[in-house]
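Enquirer: Pasting a structure here, questions to come.
All of the numbers you see were taken from the coordinates with simple rules; none came from a lab. Worth saying up front: this structure is predicted, and the values here are computed from it rather than measured. We place every Cβ from the backbone using ideal geometry, glycine too, and count neighbours over all the protein chains shown.
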Amino acid sequence: MEAEPNSLAESVCLHFLREAQNADGGWGFHPGSESRAEGTCWALLALIELAQTDDSETIRSGFRFLRAAQLRDGSWPSTPGEQTGCWVTSLASWVLLADPDSPKAVAAGLDWICKDWPRDGTLWRRLLVRFSSDRHLSPINMAYRGWGWTPGTASWVEPTAFALLTLQKCPQELLPRMARHRRDLGEAMLRDRMCPVGGWNCGNPRVYGVAGEALVMPTVWALLALRQQPEKRENSLSLAWLEGNIPHISGAASLVLAQICLASYGRKWPVGAPDLHDFISRSEPPQNVQVMAWASLASSTTRDWLRPKSKVGGILIDA
Amino acid sequence: MRERSLIPSFQRPPSKVVIRRAADYHHDLASLVLESLSEFQLPVKGKTVLLKANLVGLDPHRIMNTHPAVIAAARDSFLRLGASEVFIGDGPAMDRDTEAIVESIRLREYIGRLAHAFVDLNIDDVERVYFQTHASRLKELYLPKTVLGVDFLVSMPKLKTHHWAGVTLSLKNMFGIVPGGCYGWPKNVLHWAGIDRAILDINAAARPDFAIVDGIMGMEGNGPIQGEPKACGVLVFGSDPVAVDATCCRIMGLIPERVKYLAGAGTLLGHVQAEKIQQLGESMASVRTPFAVLKAFAHVAG
């Protein structure tokens, strides 16, 4: 079903994204900047979600850019030339699920995601921490392992949420065997890392005995990744934190993501809360591709981009 | 591309550091900064300048980030000294919404339109830089083209203690040039490479030409985010960031030679020893304000 974009999304955001595409098919973080996998993924998610008939070549060339950017091990690097994959692999695999020409690329990406273990939760490190005098400084359960921003580092909230969203989006029959186990661990890790009063920051709920303060963006991604169990305590506490903090939001990126999150939980946008249109028109420094893509996605009423896909007769459809 | 040759400290002439007193942010900072910069004969006429501020998080009370009044005063001063363009930039480490941080400190009220003045270094175009120093495990990093392309780079930290590095001043501030768009939020690859050593590699690769430390209101204890505000009433200036940081440590009542990364920086990047630092402006005794540190850094306190 084709989602109906509202006037802000169509007249400003989607137009911005179409104009910002580079000749190589990708998007940078800003119009005119070098194509990067991450900017390309967000722009494509928005265009796919709200596609008009004449967007098909824009989207196809974006898919071609992503396929060409994939590394041999199935991962995607953050920037061209880099030979190590990173969190962007989740986003690229997610986006390419919509491309009928990319099943091999997606399979390789999913395989990499499931084999990419963070370094902080190894048995050896857990043992070291258990006997360390600093173990009480950041009391997190290191047995719950999510995903890092880059390989060989620690688990963090946003890359874990991106990986979970990708694994949730993917039809069961396409998932590697390890996927279920990784999902369980990743979800447990997110719940363990919630800040004491709700919400998430990058992944430090408590440092040196002081409660960490939650931030909007990690909170949104964690809530979206955990939305299949809305009744859980962490979800309700964090939704309440998010709703309570909406009046204080001062950036367009946080505002559009908060809108997406509340809508996906069936919550209404609070009366008197900041208005996205004001933010987008005021936004300085100049609007970037991610913000415009998220603003477009916020206008989607169907939210197909978050819904799991099913495989029917060899074709992937939104469930 | 900016010149990046390394000179052993024993071959360097003494470094000049200027300490100025400013009781609060309502002070005439523009005159004070211009007057202080004039001590240095800075080669900025017709050049591009980047003020690398320290913007670590949402800060409506303006206690953890470089204060916008200091940034504005520095920008104004470099323009008055003939700089062709003065950019402000940072790549916050913990929060991806840089706009929210910039708005939270109301930078626009001090600078005017930010569209062409502010650069989010997290999502700037990047270029691969190979490290010559190999102090850490890192062999290379992608760094923002804006940082590598400007003629004159100024590190503008806040005077703070740091729960992992001891202190965060002009050298540690350079972590903010490492782009989140390549390494994430936080830039965890730097922690795994060893914070102290990564500071040395980054500063050797993209050396700041000048440092201006906002010590009017600092932070002690569990910095850089969750510490306590500490009024110190100083601005510190210098073209040797190591000497500036060492001087700041002494102001904070800390022994710079015991801060691991500063001791390392003292071999190749600048001067740590007091006798190699020509101090101008206020005397050390008149501005010394002991800062509390976490137990893990008790050995750094003098």
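Enquirer: Averaged over its residues, how many other protein chain Cβ atoms are within 10 Å of peptide A:208-219's Cβ atoms?
Expert: Averaged over the peptide's residues, the number is 4.
Enquirer: Here is a follow-up. With a ≥ b ≥ c taken as the square roots of the eigenvalues of the C-alpha gyration tensor of the stretch B:194-281, please select rounded if a/c is under 1.5 and otherwise prolate if a/b is larger than b/c or oblate if it is not?
Expert: Note, shape of the stretch B:194-281 comes out oblate.
Enquirer: Right, another one. Apply the a/c threshold of 1.5 to the C-alpha gyration tensor of the stretch B:13-300 and tell me whether it is rounded, prolate or oblate.
Expert: In terms of gyration-tensor shape, rounded.
Enquirer: Further, regarding this structure: Averaged over B:95-107, how many beta carbons belonging to a partner chain fall within 10 Å of each residue's beta carbon?
Expert: Shielding by partners across B:95-107 averages 6.
Enquirer: Taking θ as phi - 60°, what are the ³J(HN,Hα) couplings along the stretch A:154-165 by the Karplus curve (6.51, -1.76, 1.60), each to the nearest whole Hz, with x for Gly and Pro?
Expert: 8, 6, 9, 5, 5, x, 5, 4, 4, 5, 5, 4
Enquirer: Are there GluC sites (Glu not before Pro) in the stretch A:220-319 that DSSP puts in a loop and that have at most 12 other Cβ atoms within 10 Å, and which ones?
Expert: A:231
Enquirer: While we're looking at this one, here's another question. Between B:46, B:166, B:221, where does the largest GNM mean-square fluctuation fall for chain B, given springs only between Cα atoms within less than 10 Å?
Expert: Among B:46, B:166, B:221, the largest GNM mean-square fluctuation belongs to B:46.
Enquirer: Moving on to the next point. Based on the alpha carbons, how large is the Rg to Rh ratio for the stretch B:80-208 when Rh follows Kirkwood? Mind showing how you got there, number by number?
Expert: Working: Rg = 14.6 Å, Rh = 15.3 Å.
That ratio is 0.95, to two decimals.
Enquirer: Going by the alpha-carbon gyration tensor, a ≥ b ≥ c the square roots of its eigenvalues, is chain A rounded (a/c under 1.5) or, if a/c is not under 1.5, prolate (a/b greater than b/c) versus oblate?
Expert: It is oblate, given that a/c is not under 1.5 and a/b is not larger than b/c.
Enquirer: Lysine pairs in the stretch B:106-259 8 or more apart or on different chains: how many have alpha carbons under 21 angstrom apart?
Expert: Value for the stretch B:106-259: 12.
Enquirer: Which of the lysines could a cross-linker bridge to residue A:309, judged by Cα under 30 Å and excluding same-chain residues fewer than eight apart?
Expert: A:104, A:115, A:169, A:232, A:268
Enquirer: Between the stretch B:227-302 and the stretch B:133-200, what is the separation of their alpha carbon centroids in Å?
Expert: Computed from Cα coordinates, the inter-centre distance equals 19 Å.
Enquirer: Quick check on the protein assembly as shown: what does the Kirkwood estimate of hydrodynamic radius come out to from the alpha carbon pairs, in Å?
Expert: 25.0
Enquirer: Out of all DSSP beta bridges in the protein assembly as shown, what portion is antiparallel? Express it as a percent rounded to 5.
Expert: Here the share of antiparallel DSSP bridges comes out near 60 percent.
Enquirer: Let me ask something else about it. Ignore the peptide's own chain and count Cβ atoms of other chains within 10 Å of each Cβ in A:116-122; give me the average, rounded.
Expert: 1
Enquirer: May I pose another question? Under a GNM of chain A (C-alpha, springs under 10 Å), which listed residue has the highest mean-square fluctuation: A:53, A:302, A:122?
Expert: Largest GNM mean-square fluctuation: A:53.
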